Every structure is written in structure tokens, then in C-alpha cells.
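The values are calculated or read from the model by the stated rules, or taken from the named source; none is laboratory data. Owing to the predicted nature of the structure, the values given are computational and were not obtained by experimental measurement. For the accessible areas, the whole protein counts, side chains as well, though only heavy atoms, and no ligand, DNA or RNA atoms are used. Shrake-Rupley method; radii C 1.70, N 1.55, O 1.52, S 1.80 Å.
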Amino acid sequence: MNISIRIAKASDQEKWDEYVLTHPTGTVFHLTAWKNVVEKTFGHKSLYLIGERNSSICGIFPIFELKSVLFGHSFISIPFAEIGGILSDNDEIEADLMSRAINIVESTKAQFLEFRNRAELPGFKTKSLYVNFKKEITPDDEENLLAIPRKSRAMVRNAIKKGLVSETGPHLIDEFYKILALNYHRLGTPIFPKKFFENFLKEFGKNAGILIVRTNEGQLASAVLYFIFNDQMIPYYAGSDFSFRRLGPNDFMYWELMRVAVRKNCRIF
């Protein structure tokens, strides 16, 4: 099998995204929109590898090179994402892409290459630091509500009774950023620049959005930035005002986002 490996060009964007959208393990993070956001916001250099057979894509490997005074020199697939790594038609193509990536890392004398894979890779060290989940949803709101844990369900009903309301739209970026910064500062963590989230909304268009929750007095209680990938609703950056915790703004926020997902014909939350 004659496979060629090369670095992707700007003209490959449409073909790259089509491959990601149709691959059984493709994710929103593999899309070139994610690449564009990271490049435009932070200026990190990308090396997106393409495997081709007879001029058709048969594998991809999105990689970024990161250089930092604090964290050193490394390559990662993919920064600011929970999932990354190789997508390919078979194990042979995956091995070819991995071999090319390792050669790049070794030639630059970088400290390491990090894959954010769902599954372990033979021969590589593994860290299990993160957890994600998926749950099927149905077109029926009441059925979805009954499917969530009893405690969360009670908090959702309490939030509705207390008059919490939600609103969606890209115009809510300032309020979203305000609530996110509140959470980051409470944890003692520096907040990403607002440009980062503005770029997400710009690059992903209708496939990204913001939902905020207000009290019955109009006070901002929680907010989330979400992505839609194929039939999946993916809440990703979120926060809440701790002073309103008795009202259950987080449970209500995710419940309202689940309802948005149903309206957008999503099947997975």
C-alpha cells in the first residue's frame, strides 16, 4: 500500500474537515476550526500531518508545537482539547503518521510528544488525569429529565420553581466571560483572554454558542460555551456564581442546554 505523509496546507481544510466529520472517532477538536482558534489566539505553530493514498486522505494527525519558559518545549495533539491524536483508516497508516511525528519531535530536540487519546498506545506512558462522558438524549424533555440523577433532577425542578431562566446567543460573550473569570479567580487560575472565546464563536459559527442562566431578578448565575459536532452537544467551558448555588444554577444550565440540544436535533450530550 503506497502511503505518503505530508504537512497539510490551507487548501486542504475542506478535505481535512470532511474526513474528521465522517471518521467514526472524529471529534470537534480535530476540526481545522480548533486549529485556527489556537493559532489566532496564541500564535502556536501547528504541524497537521496528512496521510494520502491515491490523492485521497486516509489518515490525519493534528499536532501543535509549544514552547514555554515555564513548561519547556513539547508537541501536543491537541492543546486546550480533551481529545486528540491520530484518525486513520487502519493501523498501518496510524503507524506511518506516528513515525513521522516522532521524527519531527526528535529532530527539534523537544522534550516529549503528548497524545490525548481515548485509548492507550502500546509503548507510550499513560496518564489518566481526565474523565469525560456521553449520554444519549431523546426528543422528549420529560424522558430526558427522568434519565438524569435524582439529586440533579430535584435541583432542576427547584431552579424552575425559583424562577431561573436561560438565554442563548453569541451576544452573551461578555456575561459568559464575566462568570468564567469569577470561577478561574476563585480557583487561583489565570483566565484565558476573551479573544480565545470570541475566536471560538467566530470560527465555529452556528456550531458554537453561549447559554447563560439568570435569577428571577435578572442576576447572572451561570454560563456555558458549547460546541455541536455532528449529532453531539458538547458543553466545554462553564462556570457559575457560587453565591447562587442554593438555586441550582449549574443543574439548570445543563438541563436547559440539553433542551437546546434536542431542538438542534442532537442525540448525544
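Between Asp241 and Ser222, the built amide H atoms are under 5 Å apart, and every one of these is 5 or more places off in sequence or on another chain.
Partners of Lys9 within straight-line reach, counting aspartates and glutamates whose Cα lies under 12 Å from its Cα and excluding those fewer than 8 residues away in the same chain: none found. Rolling a 1.4 Å probe across the protein heavy atoms gives region 148-269 an accessible surface of 50 Å² per residue. Within straight-line reach of Lys125, meaning a Cα separation under 20 Å, sit the following aspartates and glutamates at least 8 residues removed in sequence or on another chain: Glu65, Glu82, Asp91, Glu94, Asp96, Glu106, Glu114. For the chain, the convex hull spanned by the alpha carbon atoms encloses 145 Å³ per residue. Could you tell me which of the pairs Lys45/Lys109; Lys40/Lys109; Lys35/Lys127 are separated by over 18 angstrom between their Cα atoms in the structure shown? As for pairs spanning more than 18 Å Cα to Cα, those are Lys40/Lys109; Lys35/Lys127. In the context of the full set of protein chains, residues of region 1-135 present 57 Å² of accessible surface per residue (probe radius 1.4 Å, heavy atoms only).
To the nearest 500 deg cm²/dmol, what mean residue ellipticity at 222 nm is calculated for the chain from DSSP H runs of n ≥ 4 alone, each contributing -39,500 (n - 2.57), summed and divided by the residues? -11500 deg cm²/dmol, from helical runs alone.
Note on surface exposure: Tyr236, Tyr226 rank Tyr236, Tyr226 by accessible area, highest first, 1.4 Å probe. If you sort Phe112, Phe200, Phe244 by accessible surface, 1.4 Å probe, largest first, the order is Phe112, Phe244, Phe200. For region 181-220 versus region 71-125, the spacing of their alpha-carbon centroids is 30 Å. Note on region 1-143: with neighbouring protein chains present and a 1.4 Å probe, carbon and sulfur make up 51 percent of its accessible heavy-atom surface.
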